[in-house]
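The values are calculated or read from the model by the stated rules, or taken from the named source; none is laboratory data. Nothing here was measured: the structure is a model prediction, and the numbers come from that model. Reconstructed Cβ throughout: ideal geometry from the backbone, glycine too, with neighbour counts over all protein chains shown. All accessible areas refer to the heavy atoms of the entire protein, side chains included, with ligands and DNA or RNA removed. Shrake-Rupley method; radii C 1.70, N 1.55, O 1.52, S 1.80 Å.
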Amino acid sequence: RDYILTPTDLFFRIPVYDSLFRMKMAFNFSGLKIYLPLNKDFPAYQKLARKLTHQEFMASSALKKDLLRLPYKRVLFGGGVADWAITASPIGGGGHYGSLSLGGMALGGDLTMDGTANSMTGFQADQFRYRWHYYFNNNEYITQVEAGNINTTGYFGRSLKGALITNKPQVERRYFQSLNISGHLQEGWEVELYINDRLTDFAYTDQNGDYNFLIDIIYGSSRIVLKMYGPNGELQTEERFVSVPFNLIPRNNIEYSLAAGNSRTQLNNRKYAQGSVYYGVLNSLTIGFSSEASLTQEDKEKPSIAGEATFHPMGNLTLSSNYLPHASLGFAFNFNQPSIIGINGNYITYSENPVRNRLGQINKMMLSISSPLKIGRNHLGLRCHLSIDKYPTYTFINMNYGFSSSFYRFYINYMGNYKIGKYQTRTDREITSQCIFSTSFVNFIRPQFRVNYNHRRKELSAYGVYLTKRVFKINQISVSFERNMVTKSNLVMISFNMFTDFADFSTKSYTTEGQTVVSEIQRGSIRYDQETTSIRFDRKNGLGFGSAVARPFLDANYNGILDRGEQSLPDLRVRVGGSYGIKSGRQKLYYYDGLRPYDEYTVTIDPYSLDNPQLRPAHESFSVTVNPNTVTEIAIPVVTAGEITGKVDRRIPDGKVGVGGIKVVVVNEGTGKETEITTFNNGEYYFLGLVPGMYKASPRTEQLSKYGYACDPPSISFQVKTVEGGDYIENVNFLIVPKQ
C-alpha cells in the first residue's frame, strides 16, 4: 500500500516521503506539479550551498594572487597632526586648561610632542614631553630606535627620559607557527576548515580516506572547526581551541632591548641603564633576563638581574614565573576556555629590600574568575576577583564579585565589594553592593537607575536616576539626579554633548549643596595633507595613527607611476583594511584614518565603481605600509583593458562546428590571475577587461576530459599590448577532437 517496486525504480506514496525523509509534498493533479517547501537542512541543498561557497572562496583566493606591494616611502620631513583640548570653567570653577599634542615626520622617523597649560600658572614645563622614533623596516638586528620620553619593557619597565634600541617587531606579531591538521574518514568525504568562523580551506578525502590541512596559527585564541560531510548526507564536526600567549616568541628567536636615561618621579630621581633579552627555547617555552643599574654616583643601589619564564604546556593553560634575587619571587597562571570560563591567578612573595620593597610587604595573592554562562538564549556574565596583600602589621583582603545579564529589552549589572582589613588590635570589614538597571523599552529616551547598599549599616548609601536622549543625530542631552544618604546631599547634573566632524563639544552643569558649577570641554584634531597641501579637521585623535588617501589615476604609459598630466579617477572606490573611507577635500578624494603605523594594509578595488567598462585596475589589490602622523598616498594605476575574441570548434565528418558552453581559461602569466569565459551557442567567445601583459588561453581540461575530448592546440599564448584605446586580440581559436 505504501510503495511500488519495479526492476529499475521504487515509487512511494506522498505521505511516505514526509514520514521517512521529512519531505512534506503537495501534488497538484490539474497542473501536474509537485510543491516541496525548501528545507535548508536537506543534504542536496547543503551540497549545492557548499559548492557555491567553495567557488566564492576559490575566486577570492585567486584575486589575492594579483597583489602588488607598493614600495615603502620613508618621509624625511613632512606631515603633521595636532590633537587639542580646551577646558573652561566659567561658573564656580577654577582656572582654564588646555593641552596640545603635535606629531610629524623628522629625519625619516616620527616625532611627537605634547604639553599642557592653564590660566593660573601658564605653560607647565615639567609636563612637556617629546619622543623621536625611527623604524628600520628591513633589518632583523635593529628594528627600532627611540629618544626622548621613552617607556622601557621587561621586569624593570619604567618611564625614562633617554634613549632606547631594540630588535622587537614594530608591529605586534600575528603569525606564530604552522600547524598540521589531518584525519581519516572514508573515501568521498568533504571536509571544510573554519578558523574563527571563517572558511579557510576545504578538501576531499583521498582513496585511503585521509585529509590534511596546513594552517598558520596566530597569537591569541583561535577556534578551529572541522565540518565533515559524507557522500550520503552524514555530518560530523570537530572543534578545538588553540591559544598562543602574546608573551611567547617563536622557537630560536631572540628579542632584546637596551635603554638608558633619567627617571624623574616623586620618589625616584636617578639615572638608569637597562637591558633585557628573551629567547624562544621551544614554541611552548620562552625565557628572559632583565637587568638594571643605577648610574647615579652617590646612589648605593646595586645592579639587579631578574629572570622570567613563560610556559604553554597544553591547550589554553599558560604558566609564568619571575625571580629577582633578594627582592621577590612570583608565579602566575592563566586558563581561558573561550565562551566557557577564564581564570587568572598569581602569587608573589617578597623579601626585605629597602629599594624594591619600601613598605615591607610579605606576599601578595590574586585570583580572578569570569564565565559567560548561557541560560537558554540569555547570557549571565559572572565574575569574581580576590586579592590578598599581607604586610608585617596588617593584612588587606579585597573581593569584587558580580554579574551582568539582559532579557527582552532590560539590562542589569550587579557588583559587590567585600573588604577586610586585619590589624594587630582590630579587624575592619566593609560590604557594599551596587546595582545598575537600564532599559531600551522607552524608545525616545534611555533611563538608567543605580542603587548602592551598605550591608554593614543595613541601609541605602546612595541612589541615582540617569536619562539620556539623542537629538538630531549629533547631539546628546543627559540629566541625572544622585542622592548620597551618608552626607544627606543631592547632586543634579545636566550635560550637553555635540559630536561634529570638526570637534567634540561638551558642556556640563551640576548643583550640589547650594553650589553650582559649569564646565566646558572642546577637543578635536587638525591634520595636514602634504600631498594636496590641504588641512582637514576631525573630532577623533590622530596623533600616533596613520592616514592614507587613495589616488586612482589613468596610467596612460602603464609605468605604475602617477605622472604629470595623467587623469585622476576620484570615483573609483577602494577599501583599505576593510574601510571604504570618507570623501574629503577640494579634490573629493577618499581618506582613511586611524590606521596602525608602519603596518601593512591590503587595498582592494571595487571595479564596478568605474563607469567605463574598458578601464580596469592594473592589479586586483595592492599592499601599502603607512607612516604615522602623516598622510600616505596610495597611487592606484588604472589602465585601458584589452579585448579577446575566438572560437571553439568540434571536428565532425563534414568539417567542424562551433561548440557552446565550453569554458576557456585565460591566465595572466605575470600575476597568475585566471579569467573564465564561456562560449556562446555557436562556439564563439568574447571578453573585455584584460590588462596589458602576457597571457595563456586554453579550454578547461577537466571539462573536455569528462566528455572524452582533447584540444588542438592545447593552449595559445598571446600579449595584450599598451595601446591607445586598448588592444584587440582576435582569432584565439581552438579545435577539440576525440581522444585517441
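Equivalent ellipsoid semi-axes for segment 209-264, as square roots of 5 times the alpha carbon gyration tensor eigenvalues: give them largest first, rounded to whole Å. Kindly include the intermediate steps, with their values, before the conclusion.
Details: eigenvalues 395, 35, 7 Å².
Semi-axes from the Cα gyration tensor: 44, 13, 6 Å.
For the chain, calculate the relative contact order in percent as a whole number, restricting contacts to Cα pairs under 8 Å that are 6 or more residues apart. Please report the intermediate quantities before stating the final value.
Details: 1801 pairs, mean separation 60.2, N = 740.
Rounded, it is 8 percent for the chain.
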Cα-based helix-to-principal-axis angle, 43-65 vs the chain, degrees rounded to 10 | 80
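Between His96 and Val171, what is the FRET efficiency for a Förster distance of 51 Å, r being their Cβ-Cβ separation, to the nearest 0.05?
Efficiency, rounded to the nearest 0.05: 0.80.
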For Ile436, put the label point 7 Å out on the Cα→Cβ axis and report which residues of segment 466-485 keep their amide N under 13 Å from it.
-> 466-467
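Pick out, in residue order, every one of the trypsin sites (Lys or Arg not before Pro) in segment 466-555 that is DSSP loop and has at most 10 other C-beta atoms within 10 Å; say none if there are none.
Values: sites: Lys469, Arg470, Lys473, Arg483, Lys488, Lys508, Arg523, Arg527, Arg536, Arg539, Lys540; in loops: Lys473, Lys488, Arg539, Lys540.
For trypsin sites (Lys or Arg not before Pro) across segment 466-555 that sit outside H, G, I, E and B with at most 10 neighbouring Cβ atoms in 10 Å, the list reads Lys473, Lys488.
Looking at segment 650-728, which GluC sites (Glu not before Pro) are DSSP coil and have at most 13 other C-beta atoms within 10 Å of their C-beta? Don't skip to the answer; put the middle values down first.
Values: sites: Glu669, Glu674, Glu676, Glu684, Glu702, Glu724; in loops: Glu669, Glu724.
Hits after loop and neighbour filter: Glu669, Glu724.
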Extent of segment 507-618 along each principal axis, from alpha carbon coordinates, in Å, largest to smallest?
-> 75, 29, 27
Spatial separation of Cα centroids for segment 499-539 and segment 164-211, in angstrom = 47
How much accessible surface does Thr116 have with a 1.4 Å probe, in Å² rounded to 10?
-> 50
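Protein chains only, probe 1.4 Å: how do Ser705, Ser276 rank by accessible area, largest first?
Details: Ser705 55, Ser276 10 Å².
Ranking Ser705, Ser276 by accessible area, largest first, yields Ser705, Ser276.
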Cα gyration tensor of segment 238-394, axes a ≥ b ≥ c as square roots of the eigenvalues: rounded (a/c below 1.5), prolate (a/b > b/c) or oblate?
-> oblate
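Rounded if a/c is under 1.5, else prolate if a/b beats b/c, else oblate: with a ≥ b ≥ c from the C-alpha gyration tensor eigenvalues square-rooted, which is segment 577-636?
On the way: a/c = 2.34, a/b = 1.48, b/c = 1.58.
It is oblate, given that a/c is not under 1.5 and a/b is not larger than b/c.
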Estimated dipole of the chain in Debye, rounded to 20 [Cβ of Lys and Arg +1, of Asp and Glu -1, Cα centre] | 2720
Percent relative contact order for segment 614-654, counting Cα pairs under 8 Å at least six residues apart, stands at 52
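Taking 37 °C and 0.692 mPa s as the conditions, I'd like the Stokes-Einstein D for segment 329-379 in µm²/s, using the Kirkwood hydrodynamic radius from alpha carbon pairs.
Numbers: Rh = 13.4 Å.
Here the translational diffusion coefficient equals 245 µm²/s.
Compute for the chain: radius of gyration divided by Kirkwood radius, i.e. Rg/Rh, restricted to C-alpha atoms, rounded to two decimals.
Working: Rg = 34.2 Å, Rh = 33.2 Å.
For the chain, the value is 1.03.
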Given the candidates Leu491, Ala635, Leu317, the one whose Cα lies deepest towards the positive end of the charge dipole of the chain, counting +1 at each Lys or Arg C-beta and -1 at each Asp or Glu C-beta, is Leu491
Given a cut-off of under 8 Å on Cα pairs at least six residues apart, what relative contact order in percent is computed for segment 564-640?
-> 28
Scattering profile of segment 1-51 at q = 0.16, 0.17, 0.29 Å⁻¹ [log10 I(q)/I(0), Debye over alpha-carbon scatterers] = -0.63, -0.70, -1.07
Per the Debye formula with a single identical scatterer at each Cα and no solvent contribution, what log10 I(q)/I(0) holds for segment 372-529 at q = 0.10, 0.17 Å⁻¹?
-> -0.60, -1.14
Which Cα, out of Pro617, Leu562, Gly594, lies furthest along the positive dipole direction of segment 504-630 (beta carbon charges, K/R +1, D/E -1)?
-> Gly594
Signed unit charges on C-beta, dipole axis of the chain, positive-most listed residue Val171, Ser276, Thr678 | Ser276
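Checking the a/c ratio against 1.5 first, then a/b against b/c, what shape does the Cα gyration tensor give for segment 159-272?
Details: a/c = 5.55, a/b = 3.64, b/c = 1.52.
Prolate shape, in that a/c is at least 1.5 and a/b is the bigger ratio.
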Express in whole angstrom the spacing between the alpha-carbon centres of segment 423-459 and segment 22-60.
-> 55
Determine the alpha carbon to alpha carbon distance for each of Lys488/Lys508; Lys161/Lys390; Lys647/Lys721; Lys51/Lys663 and list only those over 29 Å.
-> Lys161/Lys390
